[in-house]
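The values are calculated or read from the model by the stated rules, or taken from the named source; none is laboratory data. Keep in mind the model is a prediction, meaning the values are calculated, not measured. Neighbour counts run over all protein chains shown; Cβ positions are idealised from the backbone, glycine included.
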Amino acid sequence: MVITWRAAALTALGIVPVVLTASAGAVLLWSVAVLVVCVVDALLAASPRAVSLERTVARAVRLTEATTSVVVVTNGSSRALRGIARDAWPPSAGAEDNRHALSVPPGESVRLTTRLVPSRRGDRQAGSVTLRTVGPLGVAGRQLSIPLPGRLRVLPEFASRKHLPSRLARLREMDGRAAVQVRGEGTEFDSLREYVLGDDVRSIDWRASARSTDLVVRTWRPERDRRVILVLDTARTSAARVGDQPRLDASIEAALLLGALASKAGDRVELLAFDRTVRSRVVGAAGPRLLPALADATAILQPVLVETDWPGLVGAIRERVSQRSLVVLLSTLDPSAVANGLLPVVDQLASLHTVVLASVSDPEVAALRAGRGSAAEIFDAAAAERGELERLAATMVLNRHGVDVVSALPDDLAPRLADTYLALKAAGRL
Amino acid sequence: MTTTAPTSVTTTVGPTTPAAAPRTTAAGALRSRLRSWRWPVAGMLALLLAVLVTSVLTPERSLTRFAPDNPEPTGGQALAQVLMDQGVDVTYTRSVAEAIGAAGPGTTLLVANDYGMADDVARSLLETGATIALVAPGATLLAAATSEVAHAQQSPDATPTTAGCTDPDARAAGTLTSRGGGLEASDASDDASSSAPVLCFTSDAGASHYAVFTSQVLPADESASTGPVVRALDDAGPLTNEQITTDGAATLGLRMLGHEDELVWLIPDRPVAAAEGGGMGDLLPPWAGVLFLQLVVLGIVCALWRGRRLGPLVAEDLPVTVPSSETALGRGRLYRRARAWGHAAAALRAGAAHRMAARLGVPRSAGAPTMIDAVSRATDRPTEQVAGLLYGPPPADDADLARLAIELDQLESEVHRA
């Protein structure tokens, strides 16, 4: 049973007879009267047990976008259903205004729509639906919480998609350019066309020009149908907070942008999320199906507090691909993690594939480095400086092993990685 | 974790695809609620049972001063226990009427801490015919018993005193230390009709701690021609559990209370003064009490109204929160605690040198002389100064380190300008 403000008001009204009679009996009598009214009203309320519920919720929504959870309440009792319903969701599902006034005649249904604006990536499980029905007087009623399962998958925000148009433009530029600056083995002959001012004279095809009246240049196009393997490291180092989000989230942003770009460039993209075991995998998706698959696979990833099993990861990559590919490791440049984890196995990877390590750097460390306010701040600055030097040393060691390193602040990592990819493509190194 | 099969991809983005709609009725809700309430109710019952058992098993104790069932330092349980072991039948009461009923010839009536006793009550106590023992008697009771002994004008010191009298109990005790106000023979003691009171444990100031005299009140049933013997001790302190073993207190207490086989131990309740006014209650209107009652009821109703939540909370599984800069901060604290000025300075110098080298195009493999040369040319500073800054001795304290850091910053900014 549950009482409303009217029951409190009814009790407060009892002050008048109590003061007039000035007897304790009046208090008792009035309390009993209020109790009887409440019990009768609650008994006359429609039973929430006779109600059946049905939930409809979107399967997935992108972070920061709004969606709705619809609950259909069917009144199976013989009385009119009046009261409140609450559609409960965890706080990060962003269910605002999840309380709905109910007024359902017997046998009829009503749709309750709750707006959800999620604030965190991952799967959100709905809580129970609570029904509070009140009697005809509105003094008291009955309440029941009914578990009603529902799941909303919150996909990564993909805020870095704003960088996609400019990178695609550069890709097209590369595609149609007369000649790529470096004419390595990776560029493929495409066609011949007339010379225009500004073309590299080295790309003039003299033999073809001799047959024609104009100067003719050879055009090249970047190689296509290469494999790009995006490896997300979900182990303990990905749990560290950079800014206001885990390192993993910035890595996911970078993976999504690179995936979208490489897919447009005609490469085949695969994704592997790994710590000690494969957490998530996207294989064989191409064209318009790739990005949704990537978003869905990365939505549920959470950092796991274990150390990355690098030999196992190399094995998992070898299992997937045998031909030369671009392997993008979205991990960290933490010196100890690199020295103990990646370095022992890096040659196995780099001998077969082009390897890029993308790491999120911390703006707070940069701020620490500039601190000169007090002795303590200078010590912190020295520590941050030492950390940077060690990361630099790790970068140099990795470079010697043939690994390209991209280290950038969380917001810059995705575009920087995309640029690195374009540069590798332009250089024919894929 | 989901693992997408190698060739089939079914994921879609966007809020368009409705998931399978689950359908629930409330059939099992009551059962589940009963199940969820089972343990809290069982816990409450167990707690209630535990409280009952404890209250039954715990022996009765009181915190009343000098009560025979009070084991605290201020209680009288030790004395009462020894008296009982010696065969004295101790009856403890806080009611004067009960004490009068239990006391009679052949019993000892102990009256302790009786401040505020009415005169007629005091007289009826003395009329029982029992041997009287007074511990810390009030002025009314003492005056009712005798006119020959009164409270001393000046309180004696709390120093040990010797018996110094003819009373055998006091002589057996020998010495006594009491913090009481003292007793002395009053001016009326020259009355020859009664035997003179015996005053013992007299201090230097002339006040005694212990007095033995005959009561001037005859028994009500006139069973004796003289009043009973009264033994008065000015303070309960020496007979309490804390002090009973000091000096001759134990001897005095046992002998003073052990003259008869039965002992009635009376510590009167504080009398309620009938003349006391109604206080605040008189100033309020008659309906104030019931209004308060109704407001209490209203408070309970409001609590029930506001206290019921609309369904249970939904928990959020929160991610781990470890700031990434934590390791740098931790290392900074280690440097500071170890006073590692040298290490800190080396890090700052190496960082500055690395950035300047990158800017000036000095190769990474170049040695210190090349570096110093390049920087001094870029900044127009003497080579010794640059060498001192970049490769000089480690600083020796906080101030040195701060100075070095700021000078390195300046040097670096000049290189950037160049």
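Below is a table of values for the structure above.
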read-out	value
Qualifying residue in segment B:240-262 (condition: farther than 30 Å from B:Arg123 by Cβ, outside the structural domain of B:Ser155 (by the TED database), at pLDDT below 85 and not basic (Lys, Arg))	no
Per-region count, segment B:106-128, residues surrounded by 18 or more Cβ atoms within 10 Å (Cβ to Cβ), in contact with a Ser or Thr (Cβ under 8 Å, 6 or more places away or on another chain) and among the aliphatic types (A, V, I, L, M)	4
Evaluation of A:Thr4 against (1) more than 7 Å from chain B (Cβ to nearest Cβ); (2) crowded, with 17+ Cβ neighbours inside 10 Å (one fails), failing number	(1)
Selection within segment A:350-367 - without any contact (Cβ under 8 Å) to a residue 40 or more places away in the chain and in contact with a helix residue (DSSP H, G or I) (Cβ under 6 Å, 6 or more places away or on another chain)	A:Val365
Helices (runs of 4 or more DSSP H) fully within segment B:295-406 counting 2 or more residues that are touching a Lys or Arg at 6+ places or on another chain (Cβ under 8 Å)	B:341-360, B:383-391
Segment B:322-357, residues that are free of Cβ contacts under 8 Å to residues at least 40 places away in the same chain, more than 8 Å from chain A (Cβ to nearest Cβ) and more than 55 Å from the chain's Cα centre (by Cα)	B:Ala353, B:Ala357
Neighbours by Cβ (under 7 Å, 6+ apart or cross-chain): first from segment B:27-56, within 30 Å of A:Arg142 (Cβ to Cβ); second at pLDDT 90 or above and aliphatic (A, V, I, L, M)	B:Ala29/A:Leu144; B:Ala29/A:Ile146
Selection count, segment A:321-347, where residues are more than 30 Å from A:Ala383 (Cβ to Cβ), among the polar types (S, T, N, Q) and at pLDDT 90 or above	1
From the options A:Ala370, A:Ala384, A:Ala375, A:Ala408, residue that is touching a Lys or Arg at 6+ places or on another chain (Cβ under 6 Å) and free of Cβ contacts under 8 Å to residues at least 40 places away in the same chain	A:Ala384
Residue satisfying all of: in segment B:282-294; at the interface with another protein chain (Cβ under 7 Å from one of its Cβ atoms) and in a helix (DSSP H, G or I); surrounded by the most Cβ atoms within 10 Å (Cβ to Cβ) among these	B:Gln294
Residue identified as more than 9 Å from every other protein chain (Cβ to nearest Cβ) and either without any contact (Cβ under 8 Å) to a residue 24 or more places away in the chain or over 60 Å from the mean Cα position of the chain (by Cα) (or both) among B:Pro319, B:Pro369	B:Pro369
Where A:Leu44 falls short, out of the listed (1) surrounded by fewer than 21 Cβ atoms within 10 Å (Cβ to Cβ); (2) more than 7 Å from chain B (Cβ to nearest Cβ); (3) in contact with a strand residue (DSSP E or B) (Cβ under 8 Å, 6 or more places away or on another chain)	(3)
Check on A:Ala58, at the interface with chain B (Cβ under 7 Å from one of its Cβ atoms) and under 17 Å from A:Leu137 (Cα atoms)	no
Helices (runs of 4 or more DSSP H) lying entirely in segment A:271-369 (those with 3 or more residues that are within 14 Å of chain B (Cβ to nearest Cβ) and surrounded by fewer than 20 Cβ atoms within 10 Å (Cβ to Cβ))	A:310-320, A:363-369
